[in-house]
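Undergrad: Would you mind keeping the following structure in view while I ask a few things?
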Amino acid sequence: MNSASKHFSFIQNILYSGAIATTAALSLLAPSLSKPAEANLENSPKVVLDEAWQIVNREYVDGSFNHTDWQATRKSLLEKNYTSQAQAYKALREALDKLDDPYTRFLDPEQFKALTNQTSGEMSGVGMQLKQEELTKAIAVVDVVENSPAMKGGLLPGDQIKEIDGKSTSGLSVSAAAKLIRGDVGTKVVLRVIRPGDREFDVTLTRARIELQAVRYDLK
């Protein structure tokens, strides 16, 4: 197995969604591709695009794909030439944006590592998941854990963390920001938060032991 195949075989773990249930075995290539096209695809960044497209095509709950021609989206993704994985990742994010679903997003390997570091098993912290905004590089809240200090403190998805205990988050990676927020149970951390609408405020949270559930869903 070549390095590209090894790397991209973990796409089912990197595509993070509240609307998609990923499966253990994934069909990597669509049957419409010829053998030469398959060989070329396996050695290019397009492999991650096609596998992500396959996951959405099979598992997305809205069969209309937000009234998007999802087959045409795949064709567009695979017809382009990419000189780097970063270009392919950008194209995939733009394709997923068409779904207009805030819970369906693509995490590159670095972002996925940061996310799993924040959400694996049991930890001591305030109970929120962070991301770095692609354009502004701001550290923002993705989700808050139910009954966590973050939820009790009123933090919401979309809030931006401007400072952590007086230290600016400008230039910090997600993992560096998360490390500053984590700490011993019972200790406090002060966050300066910017909420969409230009509201800025401080919130003091008491760190606690956070136990995370692997899956959360509602039956209606």
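Undergrad: From the set of residues in region 112-135 that are farther than 19 Å from Leu156 by Cα and aliphatic (A, V, I, L, M), which is modelled with the lowest pLDDT?
TA: My answer is Met123.
Undergrad: State which residue is nearest to Ala150 (Cα to Cα) when the search covers only region 166-206 and only residues that are surrounded by fewer than 15 Cβ atoms within 10 Å (Cβ to Cβ) and in contact with a helix residue (DSSP H, G or I) (Cβ under 7 Å, 6 or more places away or on another chain).
TA: Thr206
Undergrad: Answer yes or no as to whether Thr23 is of a type in the set (Val, Ile, Thr) and modelled with pLDDT of 85 or more. Full working, then the answer.
TA: On the way: of a type in the set (Val, Ile, Thr): yes; modelled with pLDDT of 85 or more: no.
Spelling it out, it is not the case that Thr23 is of a type in the set (Val, Ile, Thr) and modelled with pLDDT of 85 or more.
Undergrad: Go through (1) of a type outside the set (Ser, Thr, Tyr); (2) under 17 Å from Val141 (Cβ atoms); (3) at pLDDT 90 or above; (4) touching a helix residue (DSSP H, G or I) at 6+ places or on another chain (Cβ under 7 Å) one by one and return the number of the condition Asp159 breaks.
TA: (4)
Undergrad: Filter region 94-111 for residues that are among the basic types (Lys, Arg) and either modelled with pLDDT of 75 or more or over 30 Å from Thr68 (Cα atoms) (or both) and give the result. Before the answer, list the steps.
TA: Start the filter on region 94-111 by keeping residues that are among the basic types (Lys, Arg), which leaves 98, 105.
Lys98 - this is the single residue of region 94-111 that is among the basic types (Lys, Arg) and either modelled with pLDDT of 75 or more or over 30 Å from Thr68 (Cα atoms) (or both).
The values are calculated or read from the model by the stated rules, or taken from the named source; none is laboratory data. This structure is a prediction, so every number in the text was calculated from the model and none was measured. A quick note on method: Cβ atoms are made from the backbone with ideal geometry, for glycine too, and the neighbour counts reach across all protein chains shown.
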